[in-house]
Amino acid sequence: MILYTLVGLVFAVTLQVPEPSAENFAQWRDHIRPKASELAFEDCSWKPTFWEAVVEGQARAKPILLWAMNGHPMACT
Amino acid sequence: MLAHFVPCADEVHRLQSGSDPECRLAQTVFEQGHYAGRTQPSNTRQGIYAAAPSGVMLASINTNDPRKMAAMLQRALERWSSLSEAERMLSGEPNDETAKIDRPERRYPSDGLVLRVFSRDLPRDPAPNSARDTEGRDWRAKAWNQDYAWFRREEARSLLPAMIEAGQMSRAPDGLLRRLAKFNFIDNVRGQTGAYANGDILAANLDAEVLRVVDGIAQVRLVGETHAAREGTWPIEGFKDKQAPAKHKVGVQLKLFGSAEFDVAQGKFVAFELLALGTRFGATQYNGRHDDADPAPIGYFLTLTGDSPAERVAPSFYRSYGWK
């Protein structure tokens with residue numbers, strides 16, 4: 001327990017963690033927000049539900065491409 | 001090649017376990033695909049499927065290799081060409097079944113506040129092995145993730161002082177900040193992780209100060225903090241330690257700072273940007289931190305969503321919102 005606490009204290013002292021402020025807001029926003037290249041997968045105009053694709057596929061006589069993940073691919077996966 | 005298809009993305013767990021017409025048709029597809037019948041190491045059916053609207057499988061795969069993906073699409077089109085009209089299409093009109101499908105997206109709060117929440121590691125020096133990208137081969141070094149946070153109209157309004165006048169200040173309702181701390185300020189940068197529980201929340205507050213009101217638009221400064229931590233017994237390395245979970249701790253502690261603009265007449269936010277920076281530690285089964293569990297800096301950026309259909313996807317933990 002003492003060792004765990006000491007290790008924690010060392011990290012608390014040495015870890016560089018910025019505090020958000022008006023001065024650094026743009027810097028960290030731009031670091032975290034995905035670049036356009038990282039959002040390129042959205043260019044496919046994915047329909048956000050399987051059923052919408054079924055309805056459109058049936059209406060337009062087209063096959064469906066379903067990307068199904070644990071966690072919605074357009075949200076958190 | 002994609003133009004030959006109607007592309008869609010969806011959450012697999014609901015599709016593979018639900019019982020409405022959408023889920024049943026998806027299950028028909030899944031059980032002809034690459035994970036059909038599989039129960040170990042998990043029963044997930046995640047992957048990429050090409051199917052006829054009837055549910056007839058064309059081809060499927062679970063890969064992030066573009067060449068394998070292209071080959072799968074080619075196989076799917078060849079199979080599609082070989083099917084008759086009757087084999088391709090549902091016998092009924094699928095839109096007639098739409099009302100039977102109760103998706104959370106039906107409760108999208110279009111008159112409230114919808115935020116897109118991005119998460120990413122902050123720079124470290126020295127970076128651990130998993131965050132080095134000298135040759136660009138370890139995806140973890142550039143990992144980021146996203147989710148959504150929904151607020152109904154009255155919830156969004158409660159983030160601000162009752163009187164919208166310069167100098168007015170207020171603290172957001174405890175439950176709304178706890179919701180962010182439990183469901184959004186989690187370490188999902190490298191993959192899915194669970195939500196925190198109410199009892200894990202050690203701090204969650206957000207103060208709003210109206211700086212000025214110009215032409216009916218209130219300009220607001222946002223400042224706050226959250227702190228969540230829990231301990232228990234769980235695996236931290238996917239399926240590898242699934243049979244031998246050990247005791248672990250996990251936590252996230254953040255400072256919040258941002259700004260917003262609120263249209264007083266419309267009762268709606270027209271701008272919202274919030275940064276949350278701080279420290280995370282620990283690992284969970286699927287969040288890719290088994291070799292990076294020491295305290296490290298993490299950041300989140302919350303902003304208004306756009307109006308594309310994909311941005312109306314429900315938050316991952318929507319089911320725990322308690323909305324009816």
Expressed in µm² per second, the diffusion coefficient of the protein assembly as shown from the Stokes-Einstein equation, with Rh the Kirkwood radius over alpha carbon pairs, at 20 °C and 1.002 mPa s, is 94
Volume per residue that the Cα convex hull of chain B spans, once the total is divided by residue count, Å³: 172
In whole angstrom, how far apart do the alpha carbon centroids of region B:5-60 and region B:69-132 sit? 11
Might you work out the accessible area of A:Glu42 for me, using a 1.4 Å probe with all protein chains in place, and round it to the nearest 10 Å²? 60
Once you place label points 7 Å from the Cα toward the Cβ at B:Ala166 and B:Lys142, how far apart are they in nm? 4.6
Proportion of all alpha-carbon pairs of region B:142-190 beyond 19 Å (%): 42
Along the dipole axis of region B:117-218 (charges at Cβ: +1 for Lys and Arg, -1 for Asp and Glu; origin at the Cα centre), the most positive-end residue among B:Gln192, B:Val210, B:Leu160 is B:Gln192
What percentage of all Cα-Cα pairs in region B:121-203 are separated by more than 20 Å? 55
Which residues make up the longest stretch of chain B that has no chymotrypsin sites (Phe, Trp or Tyr not before Pro) in a DSSP loop with at most 14 other Cβ atoms within 10 Å? B:1-238
Violating pairs (Cα-Cα greater than 26 angstrom) within the set B:Lys242/B:Lys324; B:Lys142/B:Lys240; B:Lys142/B:Lys247; B:Lys182/B:Lys255; B:Lys100/B:Lys324; A:Lys35/B:Lys324: B:Lys242/B:Lys324; B:Lys142/B:Lys247; A:Lys35/B:Lys324
Place a +1 charge on the Cβ of each Lys and Arg in chain B and a -1 charge on the Cβ of each Asp and Glu, then give the dipole magnitude about the Cα centre in debye, rounded to the nearest 20. 660
Whole-Å semi-axes of region B:169-324's equivalent ellipsoid, largest first, each the root of 5 times a Cα gyration tensor eigenvalue? 33, 17, 14
FRET efficiency (B:Val213, B:Ser91; Cβ distance; R0 45 Å; to 0.05) is 0.15
For region B:252-324, what is the convex hull volume of its Cα atoms per residue in Å³? 151
Per principal axis, descending, Cα span of region B:1-147 in whole Å: 61, 43, 34
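Counting each DSSP H run of 4 or more residues in the protein assembly as shown as -39500 (n - 2.57), what helix-only mean residue ellipticity at 222 nm follows after dividing by all residues, to the nearest 500 deg cm²/dmol?
-6000 deg cm²/dmol
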Largest first, how would B:Arg79, B:Arg171 line up by accessible area (1.4 Å probe)? B:Arg171, B:Arg79
Sites B:Asp174 and B:Leu2 - FRET efficiency at Förster radius 35 Å, r taken between beta-carbons, to 0.05: 0.15
So for the pair B:Lys240, B:Ala197, with labels modelled 7 Å out along Cα→Cβ, what separation do we get in nm? 2.8
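The values are calculated or read from the model by the stated rules, or taken from the named source; none is laboratory data. Worth saying up front: this structure is predicted, and the values here are computed from it rather than measured. Note that we place each Cβ from the backbone using ideal geometry, even for glycine, and neighbour counts take in every protein chain shown. Quick note on the areas: whole protein, heavy atoms, side chains included, nothing else; ligands and nucleic acids left out. Shrake-Rupley method; radii C 1.70, N 1.55, O 1.52, S 1.80 Å.
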